[in-house]
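What follows draws every value from the coordinates through simple rules; no lab data is involved. No experiment lies behind these values; they were computed from the predicted model shown. Cβ: placed from backbone, ideal geometry, glycine included. Neighbour counts: every protein chain shown.
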Amino acid sequence: MQAAARSGVVVLAASSGQPAESSGDERAGERRHAGTEGGRQDGADTSDIAATLGKSIDDSVITTKVKTGLLADGGSDISVETKNGVVTLTGAADSRQQVDRMLRTVRTVKGVRAVRNALSVKKQ
């Protein structure tokens with residue numbers, strides 16, 4: 001497989017030297033994307049998109065780590081939502097001590113900027 005760039009358009013070629021995908025007009029892609037920032041026709045800055053995607057991935061990783069930690073504290077029925085590093089916990093715990101343990105656990109997860117506690121304690 002060979003790759004070459006012409007006017008900001010990457011052309012891939014199979015080992016036989018033939019284009020991997022041919023539309024019959026090699027310059028069609030160049031015309032479609034001419035004058036657009038980063039090849040995007042909607043004018044969106046690709047660095048902004050990458051930053052947003054990175055935050056989403058980071059939030060997903062944080063959520064997964066928080067849920068894993070909460071399982072060890074018996075928090076299997078606790079909902080976790082993360083946005084920009086801010087973790088929100090909702091649900092019901094067995095005791096105030098369990099809530100305190102879960103909050104401590106969440107605060108130890110790398111990337112957590114703040115914790116919003118919307119937990120309640122089950123009535124015995």
Checklist outcome for this item: For THR88, THR82, ascending order of other Cβ atoms within 10 Å (fewest first) is THR88, THR82
Checklist entry - Among the lysines, which have Cα under 28 Å from the Cα of LYS110 when same-chain residues fewer than 8 positions away are ignored? => result LYS55, LYS65, LYS67, LYS83
Checklist entry - Given +1 on the Cβ of Lys and Arg, -1 on the Cβ of Asp and Glu, and no further charges, what dipole in debye does the stretch 85-124 carry about its Cα centre, rounded to the nearest 20? => result 80
